[in-house]
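To start, the structure itself, in structure tokens.
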Amino acid sequence: QVQLVESGGGLVQPGGSLRLSCAASGFPSNYSIGWFRQAPGKVREEVSCISYADGSTYYADSVKGRFTISRDNAKNTVYLQMNSLRPEDTAVYYCAADRTRAAQAMCLTWTHDYWGQGTQVTVSS
């Protein structure tokens, strides 16, 4: 059974760090993984995506230089390291998977095959 499970969210002060994990299982072929987030009263937005075809990555302008996406193929897990967190980063973070080859195309597309349940990230002093 295909499954995506996010973990690592929590409460952190501005300037702090968190690492999110997306554990994937049951995929029949190579899938790209993306992180998306949605805050109350806001539209869903892309955060970062990584391609399993060539390892390329994509970052939204709002997180460039602060967030890093990486993968551990042996563990079938994708990570999102979040540094220098700001209150505007507060949101529910979701990971998604589909067969899109390019990381940028994955992040800028809103139709995805699978979604995780989400993990809450709150940045507040």
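The values are calculated or read from the model by the stated rules, or taken from the named source; none is laboratory data. Fair warning: this is a prediction, and the values are worked out from it, not measured in the lab. Cβ: placed from backbone, ideal geometry, glycine included. Neighbour counts: every protein chain shown. Areas reflect the complete protein model, heavy atoms only, side chains present, ligands, DNA and RNA absent. Shrake-Rupley method; radii C 1.70, N 1.55, O 1.52, S 1.80 Å.
General observations
- Placing +1 on the Cβ of every Lys and Arg and -1 on the Cβ of every Asp and Glu, with no other charges, gives region 1-99 a dipole of roughly 120 debye about its Cα centre.
- Region 1-56 - percent relative contact order, Cα under 8 Å, separation 6 or more: 27
- Relative contact order of the chain: 37 percent, from C-alpha pairs under 8 Å at least 6 residues apart in sequence.
- A cut-off under 14 angstrom between Cβ atoms defines the neighbours of Ser17, and their net charge, with Lys, Arg +1 and Asp, Glu -1, is +2.
- For region 9-57: rounded, prolate or oblate by the Cα gyration tensor [a/c cutoff 1.5]: prolate
- Listed peptides 99-109, 57-67 by packing density, highest first (mean Cβ within 10 Å): 99-109, 57-67
- Using the 1.4 Å probe convention, the accessible area of the chain works out to 51 Å² per residue with neighbouring protein chains retained.
- With each label modelled as a point 7 angstrom along the Cα→C-beta vector, the Lys42-Glu88 pair spans 0.8 nm.
- Against the empirical curve 2.2 N^0.38 Å, the C-alpha radius of gyration of the chain lands at a ratio of 0.98.
- Two-site FRET efficiency, Thr111 against Asn76, from Cβ-Cβ distance with R₀ of 25 Å, rounded to 0.05: 0.65
- Share of carbon and sulfur in the accessible heavy-atom surface of the chain [1.4 Å probe, %]: 45
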